[in-house]
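Notes follow once the structure below has been shown.
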Amino acid sequence: MKQEKVLIMGAGGQIGVELTMALRALYGEANVIASDIREAHPLLAGKGPYVLLNAMDANATLELVKKEGITQIYLLAALLSATGEKDPKRAWDINMQSLLQVLDIAVQEKLTKVYWPSSIAVFGTTTPKQDTPQKTIVEPRTVYGISKYAGELWCQYYYQRWGLDVRSIRYPGLISWKSEPGGGTTDYAVEIYHEALKHSKYTSFLSADTYLPMMYMDDAIRGTIELMEAPAEKIKSRVAYNLSAMSFSPKEIAASIQQHIPSFEISYAPDFRQQIADGWPQSIDDSAARADWGWQHHFDLDKMTADMLHHLKG
Ligand code: AKB
(Lines give C-alpha, C1' and ligand atoms only; values in the text may rest on other atoms or scores of the structure.)
Protein backbone atom coordinates (compact mmCIF):
# COMPACT_ATOMS: atom_id res chain seq x y z
CA MET A 1 0.00 0.00 0.00
CA LYS A 2 1.23 3.50 -0.83
CA GLN A 3 2.46 5.53 2.15
CA GLU A 4 -0.04 8.29 2.88
CA LYS A 5 1.32 11.84 2.99
CA VAL A 6 -0.98 14.22 4.78
CA LEU A 7 -1.33 18.01 4.52
CA ILE A 8 -3.17 19.79 7.34
CA MET A 9 -4.36 23.28 6.47
CA GLY A 10 -5.23 25.41 9.49
CA ALA A 11 -3.00 23.32 11.76
CA GLY A 12 -2.67 26.14 14.30
CA GLY A 13 -6.36 26.13 15.24
CA GLN A 14 -8.16 24.38 18.08
CA ILE A 15 -8.66 21.11 16.18
CA GLY A 16 -5.57 21.42 13.99
CA VAL A 17 -2.96 21.31 16.76
CA GLU A 18 -4.24 18.07 18.30
CA LEU A 19 -5.13 16.44 15.00
CA THR A 20 -1.62 17.11 13.70
CA MET A 21 -0.12 15.43 16.77
CA ALA A 22 -2.47 12.45 16.48
CA LEU A 23 -1.91 11.98 12.75
CA ARG A 24 1.85 12.19 13.24
CA ALA A 25 1.60 9.39 15.79
CA LEU A 26 -0.30 7.36 13.18
CA TYR A 27 1.59 8.09 9.94
CA GLY A 28 5.00 9.22 11.24
CA GLU A 29 6.16 12.78 11.82
CA ALA A 30 7.70 13.27 8.38
CA ASN A 31 4.49 12.19 6.63
CA VAL A 32 2.23 14.87 8.14
CA ILE A 33 2.87 18.42 6.97
CA ALA A 34 1.26 21.05 9.16
CA SER A 35 0.43 24.41 7.60
CA ASP A 36 -1.21 27.61 8.71
CA ILE A 37 -1.20 31.30 7.86
CA ARG A 38 0.35 31.89 11.32
CA GLU A 39 3.67 30.86 12.80
CA ALA A 40 3.63 27.39 14.36
CA HIS A 41 1.64 26.88 17.56
CA PRO A 42 4.05 26.25 20.47
CA LEU A 43 3.02 22.57 20.61
CA LEU A 44 3.97 22.11 16.95
CA ALA A 45 7.01 24.40 16.71
CA GLY A 46 10.19 22.48 15.88
CA LYS A 47 8.38 19.13 16.06
CA GLY A 48 7.84 18.18 12.40
CA PRO A 49 7.37 19.66 8.93
CA TYR A 50 5.63 23.05 9.10
CA VAL A 51 4.83 25.40 6.22
CA LEU A 52 3.39 28.92 6.22
CA LEU A 53 0.41 28.63 3.86
CA ASN A 54 -2.63 30.81 3.24
CA ALA A 55 -5.56 28.46 2.58
CA MET A 56 -6.89 31.05 0.09
CA ASP A 57 -3.76 30.70 -2.06
CA ALA A 58 -4.64 27.97 -4.58
CA ASN A 59 -1.31 28.14 -6.44
CA ALA A 60 0.79 27.79 -3.31
CA THR A 61 -1.42 24.90 -2.13
CA LEU A 62 -1.15 23.09 -5.46
CA GLU A 63 2.61 23.60 -5.57
CA LEU A 64 2.98 22.18 -2.06
CA VAL A 65 0.76 19.18 -2.85
CA LYS A 66 2.85 18.37 -5.94
CA LYS A 67 6.23 19.01 -4.31
CA GLU A 68 5.49 16.88 -1.26
CA GLY A 69 3.49 14.15 -3.00
CA ILE A 70 0.50 14.79 -0.73
CA THR A 71 -2.18 12.06 -0.78
CA GLN A 72 -4.66 13.44 1.80
CA ILE A 73 -5.70 16.95 2.85
CA TYR A 74 -7.39 17.96 6.10
CA LEU A 75 -8.76 21.47 5.50
CA LEU A 76 -9.46 23.02 8.91
CA ALA A 77 -8.95 26.73 8.15
CA ALA A 78 -12.23 28.63 8.67
CA LEU A 79 -13.90 31.58 10.38
CA LEU A 80 -16.26 30.30 13.09
CA SER A 81 -19.74 31.40 14.09
CA ALA A 82 -19.09 34.47 16.26
CA THR A 83 -16.22 35.89 14.19
CA GLY A 84 -18.17 35.17 11.01
CA GLU A 85 -21.10 37.34 12.10
CA LYS A 86 -18.76 40.34 12.43
CA ASP A 87 -17.78 40.13 8.76
CA PRO A 88 -20.17 37.80 6.92
CA LYS A 89 -18.79 38.28 3.38
CA ARG A 90 -15.24 37.60 4.51
CA ALA A 91 -16.39 34.48 6.38
CA TRP A 92 -18.20 33.24 3.26
CA ASP A 93 -15.18 33.92 1.04
CA ILE A 94 -12.68 32.23 3.33
CA ASN A 95 -14.83 29.23 4.17
CA MET A 96 -16.04 28.54 0.62
CA GLN A 97 -13.06 29.53 -1.52
CA SER A 98 -10.60 27.45 0.47
CA LEU A 99 -12.90 24.41 0.25
CA LEU A 100 -13.58 24.67 -3.48
CA GLN A 101 -9.88 25.10 -4.20
CA VAL A 102 -8.96 22.05 -2.15
CA LEU A 103 -11.68 19.94 -3.78
CA ASP A 104 -10.39 20.91 -7.24
CA ILE A 105 -6.78 20.19 -6.30
CA ALA A 106 -7.84 16.85 -4.82
CA VAL A 107 -9.56 15.80 -8.06
CA GLN A 108 -6.73 17.08 -10.25
CA GLU A 109 -3.99 15.43 -8.20
CA LYS A 110 -6.03 12.27 -7.54
CA LEU A 111 -5.76 12.50 -3.75
CA THR A 112 -7.02 9.46 -1.86
CA LYS A 113 -9.06 11.40 0.73
CA VAL A 114 -10.07 14.87 1.91
CA TYR A 115 -11.36 15.81 5.37
CA TRP A 116 -13.38 18.97 5.91
CA PRO A 117 -15.20 19.77 9.17
CA SER A 118 -18.83 20.81 9.32
CA SER A 119 -20.71 21.91 12.43
CA ILE A 120 -24.00 21.83 14.34
CA ALA A 121 -24.22 25.41 13.01
CA VAL A 122 -25.83 24.00 9.85
CA PHE A 123 -29.04 23.69 11.89
CA GLY A 124 -31.37 26.60 12.63
CA THR A 125 -34.46 27.55 14.60
CA THR A 126 -36.73 25.45 12.34
CA THR A 127 -34.76 22.26 13.11
CA PRO A 128 -36.01 19.97 15.93
CA LYS A 129 -33.98 21.09 18.97
CA GLN A 130 -33.79 17.78 20.82
CA ASP A 131 -32.06 14.74 19.34
CA THR A 132 -31.65 16.56 16.05
CA PRO A 133 -31.69 13.85 13.37
CA GLN A 134 -29.03 13.29 10.72
CA LYS A 135 -31.55 14.23 8.02
CA THR A 136 -33.86 17.06 9.01
CA ILE A 137 -34.82 20.66 8.25
CA VAL A 138 -31.61 22.59 7.60
CA GLU A 139 -31.99 26.37 7.58
CA PRO A 140 -28.85 27.87 9.13
CA ARG A 141 -29.08 31.44 10.47
CA THR A 142 -25.39 32.39 10.64
CA VAL A 143 -23.03 32.88 7.71
CA TYR A 144 -20.80 30.21 9.26
CA GLY A 145 -23.73 27.77 9.24
CA ILE A 146 -24.66 28.70 5.67
CA SER A 147 -21.07 28.15 4.53
CA LYS A 148 -20.90 24.81 6.35
CA TYR A 149 -24.11 23.53 4.80
CA ALA A 150 -23.19 24.75 1.32
CA GLY A 151 -19.80 23.11 1.85
CA GLU A 152 -21.40 19.80 2.84
CA LEU A 153 -23.37 19.83 -0.41
CA TRP A 154 -20.23 20.65 -2.41
CA CYS A 155 -18.43 17.71 -0.75
CA GLN A 156 -21.30 15.41 -1.70
CA TYR A 157 -21.28 16.83 -5.23
CA TYR A 158 -17.56 16.14 -5.69
CA TYR A 159 -18.07 12.61 -4.40
CA GLN A 160 -20.99 11.96 -6.75
CA ARG A 161 -19.50 13.68 -9.78
CA TRP A 162 -15.78 12.89 -9.46
CA GLY A 163 -15.69 10.01 -7.00
CA LEU A 164 -13.63 12.12 -4.58
CA ASP A 165 -13.54 10.50 -1.13
CA VAL A 166 -14.42 13.52 1.04
CA ARG A 167 -15.51 12.89 4.64
CA SER A 168 -16.95 15.24 7.20
CA ILE A 169 -18.35 15.57 10.72
CA ARG A 170 -20.80 18.11 12.15
CA TYR A 171 -18.81 18.95 15.28
CA PRO A 172 -20.58 20.17 18.39
CA GLY A 173 -18.73 22.64 20.66
CA LEU A 174 -15.24 21.27 21.31
CA ILE A 175 -13.44 21.51 24.65
CA SER A 176 -9.67 21.18 24.88
CA TRP A 177 -6.82 22.08 27.19
CA LYS A 178 -3.93 21.86 24.69
CA SER A 179 -5.18 24.32 22.08
CA GLU A 180 -7.39 27.39 22.38
CA PRO A 181 -10.69 27.86 20.53
CA GLY A 182 -11.04 30.95 18.36
CA GLY A 183 -14.20 32.88 17.56
CA GLY A 184 -16.92 30.32 18.31
CA THR A 185 -20.17 30.51 20.27
CA THR A 186 -19.24 27.45 22.32
CA ASP A 187 -15.87 28.92 23.43
CA TYR A 188 -17.29 29.74 26.87
CA ALA A 189 -17.01 26.06 27.77
CA VAL A 190 -13.21 26.29 27.47
CA GLU A 191 -12.76 29.78 28.97
CA ILE A 192 -14.70 28.76 32.07
CA TYR A 193 -12.06 26.19 33.10
CA HIS A 194 -9.18 28.65 32.69
CA GLU A 195 -11.02 31.34 34.68
CA ALA A 196 -12.12 28.88 37.36
CA LEU A 197 -8.48 28.01 38.04
CA LYS A 198 -7.17 31.58 37.76
CA HIS A 199 -9.90 33.64 39.44
CA SER A 200 -12.44 31.20 40.82
CA LYS A 201 -15.17 33.05 38.93
CA TYR A 202 -16.46 33.42 35.39
CA THR A 203 -18.99 35.58 33.57
CA SER A 204 -20.69 33.53 30.88
CA PHE A 205 -21.71 35.19 27.60
CA LEU A 206 -24.52 32.63 27.33
CA SER A 207 -27.42 32.47 29.79
CA ALA A 208 -27.61 29.89 32.60
CA ASP A 209 -29.90 27.40 30.85
CA THR A 210 -28.54 27.52 27.30
CA TYR A 211 -28.07 23.85 26.43
CA LEU A 212 -25.69 23.02 23.58
CA PRO A 213 -24.16 19.79 22.27
CA MET A 214 -20.50 19.51 23.31
CA MET A 215 -17.58 17.09 23.02
CA TYR A 216 -14.16 16.66 24.61
CA MET A 217 -11.31 17.05 22.12
CA ASP A 218 -9.95 13.55 22.79
CA ASP A 219 -13.24 12.12 21.51
CA ALA A 220 -13.35 14.53 18.56
CA ILE A 221 -9.83 13.64 17.40
CA ARG A 222 -10.38 9.92 17.80
CA GLY A 223 -13.75 10.17 15.99
CA THR A 224 -12.20 12.13 13.12
CA ILE A 225 -9.44 9.59 12.61
CA GLU A 226 -11.85 6.66 12.93
CA LEU A 227 -14.07 8.22 10.26
CA MET A 228 -11.09 8.78 7.96
CA GLU A 229 -9.75 5.25 8.52
CA ALA A 230 -13.12 3.53 8.00
CA PRO A 231 -13.50 1.49 4.79
CA ALA A 232 -15.22 3.60 2.09
CA GLU A 233 -18.23 1.28 1.90
CA LYS A 234 -19.08 2.10 5.53
CA ILE A 235 -19.43 5.81 4.74
CA LYS A 236 -23.10 6.05 3.82
CA SER A 237 -23.49 9.81 4.30
CA ARG A 238 -21.55 12.03 1.95
CA VAL A 239 -22.80 15.15 3.62
CA ALA A 240 -21.37 15.43 7.15
CA TYR A 241 -22.15 13.01 10.01
CA ASN A 242 -23.92 14.17 13.18
CA LEU A 243 -21.64 13.36 16.14
CA SER A 244 -22.63 13.63 19.75
CA ALA A 245 -21.11 13.11 23.18
CA MET A 246 -22.83 15.30 25.81
CA SER A 247 -25.10 18.28 26.20
CA PHE A 248 -24.97 20.81 29.03
CA SER A 249 -25.70 24.40 30.02
CA PRO A 250 -23.42 27.03 31.62
CA LYS A 251 -25.15 26.33 34.95
CA GLU A 252 -24.38 22.62 34.69
CA ILE A 253 -20.72 23.01 33.70
CA ALA A 254 -20.33 25.44 36.63
CA ALA A 255 -21.79 22.81 38.99
CA SER A 256 -19.39 20.22 37.61
CA ILE A 257 -16.44 22.58 38.27
CA GLN A 258 -17.73 23.34 41.79
CA GLN A 259 -17.26 19.68 42.68
CA HIS A 260 -13.49 20.38 42.40
CA ILE A 261 -13.40 24.10 43.23
CA PRO A 262 -16.23 24.74 45.74
CA SER A 263 -15.55 28.51 45.80
CA PHE A 264 -16.11 28.85 42.03
CA GLU A 265 -18.83 31.36 41.09
CA ILE A 266 -20.56 31.92 37.77
CA SER A 267 -22.49 34.99 36.61
CA TYR A 268 -24.22 35.66 33.32
CA ALA A 269 -24.01 38.53 30.81
CA PRO A 270 -25.41 37.21 27.52
CA ASP A 271 -24.18 39.03 24.41
CA PHE A 272 -24.76 38.64 20.63
CA ARG A 273 -23.65 35.01 20.85
CA GLN A 274 -26.81 34.16 22.80
CA GLN A 275 -28.89 34.57 19.65
CA ILE A 276 -26.55 32.27 17.72
CA ALA A 277 -26.75 29.62 20.47
CA ASP A 278 -30.56 29.92 20.61
CA GLY A 279 -30.69 28.96 16.93
CA TRP A 280 -28.75 25.70 17.43
CA PRO A 281 -29.86 22.25 18.60
CA GLN A 282 -29.67 21.32 22.28
CA SER A 283 -28.84 17.67 21.63
CA ILE A 284 -27.90 15.59 18.60
CA ASP A 285 -28.94 12.16 17.32
CA ASP A 286 -25.77 10.53 16.01
CA SER A 287 -27.14 7.02 15.50
CA ALA A 288 -26.05 7.04 11.83
CA ALA A 289 -22.36 7.52 12.78
CA ARG A 290 -22.67 4.84 15.47
CA ALA A 291 -24.27 2.36 13.05
CA ASP A 292 -22.18 3.12 9.93
CA TRP A 293 -18.62 3.30 11.27
CA GLY A 294 -18.90 2.47 14.97
CA TRP A 295 -18.62 5.92 16.60
CA GLN A 296 -18.65 5.93 20.42
CA HIS A 297 -17.88 8.77 22.81
CA HIS A 298 -15.83 8.20 25.98
CA PHE A 299 -16.19 11.47 27.90
CA ASP A 300 -19.22 12.86 29.72
CA LEU A 301 -19.31 16.23 31.52
CA ASP A 302 -17.85 15.15 34.87
CA LYS A 303 -15.11 12.99 33.36
CA MET A 304 -14.16 15.88 31.07
CA THR A 305 -14.13 18.39 33.94
CA ALA A 306 -11.80 16.20 35.99
CA ASP A 307 -9.44 15.77 33.03
CA MET A 308 -9.49 19.47 32.04
CA LEU A 309 -8.75 20.68 35.57
CA HIS A 310 -6.07 18.06 36.08
CA HIS A 311 -4.19 19.11 32.91
CA LEU A 312 -4.72 22.86 33.23
CA LYS A 313 -3.42 22.83 36.82
CA GLY A 314 -0.19 21.48 35.30
C1 AKB B 1 -18.65 27.57 17.04
O2 AKB B 1 -19.09 27.80 18.19
O3 AKB B 1 -18.75 28.37 16.10
C4 AKB B 1 -18.00 26.23 16.78
C5 AKB B 1 -18.97 25.24 16.22
C6 AKB B 1 -20.06 24.71 17.07
O7 AKB B 1 -18.87 24.90 15.08
N8 AKB B 1 -17.42 25.73 17.99
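The values are calculated or read from the model by the stated rules, or taken from the named source; none is laboratory data. Fair warning: this is a prediction, and the values are worked out from it, not measured in the lab. Quick reminder, even Gly has a Cβ in these numbers, built from the backbone with ideal geometry, and neighbours come from all protein chains shown. Only protein heavy atoms, including side chains, enter the accessible area calculation; ligands, DNA and RNA are left aside. Shrake-Rupley method; radii C 1.70, N 1.55, O 1.52, S 1.80 Å.
Under the 0.36 nm per residue contour assumption, what length would be gained going from the current alpha-carbon distance of GLN275 and THR112 to full extension? Could the numbers behind the result be given before it?
Details: separation 163, 0.36 × 163 = 58.68 nm, distance 3.96 nm.
Full extension from GLN275 to THR112 adds 54.7 nm.
Among rounded, prolate and oblate, which fits region 246-300 when a ≥ b ≥ c are the square roots of the eigenvalues of its C-alpha gyration tensor, a/c under 1.5 means rounded, and a/b larger than b/c means prolate? Verdict is oblate for region 246-300.
Among DSSP beta bridges whose residues both lie in the chain, state the antiparallel percentage, nearest 5. The partial results should precede the final answer.
On the way: 3 of 31 bridges.
Here the share of antiparallel DSSP bridges comes out near 10 percent.
Plainly put, region 1-64 has a radius of gyration that is 0.95 times its Kirkwood radius, both from alpha-carbon atoms, as the Rg/Rh ratio. Taken along the Cα-to-beta-carbon direction at a fixed 7 Å, the label points for TRP162 and LYS201 span 5.5 nm.
Pairs of Cα atoms under 8 Å, at least six residues apart: use those to get the relative contact order of the chain, whole percent. Before the final figure, lay out each step's value.
Working: 624 pairs, mean separation 57.1, N = 314.
Computed value for the chain: 18 percent relative contact order.
Nearest-5 percent of antiparallel DSSP beta bridges in region 116-269? Could you put the intermediate results ahead of the total?
Details: 3 of 14 bridges.
Taking every DSSP beta bridge within region 116-269, about 20 percent pair in antiparallel fashion.
With the convex hull drawn over the C-alpha atoms of region 1-112, the volume per residue is 97 Å³. Heavy-atom surface analysis with a 1.4 Å probe gives region 248-310 a carbon and sulfur content of 48 percent of its accessible area. With both labels modelled 7 Å from their Cα along Cα-to-Cβ, the HIS298 to ALA232 distance reads 3.0 nm. The P(r) of region 51-204 has a tail past 23 Å containing 45 percent of all C-alpha pairs.
Want the number for GLU265 to ARG290: 0.36 nm per residue separation, take away the alpha-carbon distance, what's left? Before the final figure, lay out the partial values.
On the way: separation 25, 0.36 × 25 = 9.00 nm, distance 3.71 nm.
Extending this stretch completely gives an extra 5.3 nm.
In summary, the chain shows an alpha-carbon radius of gyration equal to 0.96 times the 2.2 N^0.38 Å reference for compact globular proteins.
Near LYS113, the amide H atoms lying under 5 Å from its own belong to ILE73; only residues 5 or more places off or on other chains count, and H is placed 1.01 Å from N. Sequentially through region 60-71, phi angles give Karplus couplings (6.51, -1.76, 1.60; θ = phi - 60°) of 5, 5, 4, 4, 5, 4, 5, 4, 8, x, 5, 10 Hz, Gly and Pro residues having no value and appearing as x. Karplus-based coupling profile of region 195-200, in residue order and whole Hz: 5, 4, 6, 7, 10, 6, with θ = phi - 60° in 6.51 cos²θ - 1.76 cosθ + 1.60 and x standing for Gly or Pro. FRET efficiency for the pair GLU68 and GLU180, taken as 1/(1 + (r/R0)^6) with r the Cβ-Cβ distance and R0 = 30 Å, rounds to 0.60.
By accessible area of protein heavy atoms, probe 1.4 Å, what ranking do ASP219, ASP285 get, highest first? Please report the intermediate quantities before stating the final value.
Numbers: ASP219 0, ASP285 55 Å².
Putting ASP219, ASP285 in descending order of accessible area: ASP285, ASP219.
Angle check, please: helix 88-108 long axis (alpha carbons) against the longest principal axis of the chain (alpha carbons), in degrees 0 to 90, nearest 10. Roughly 40 degrees between the two axes.
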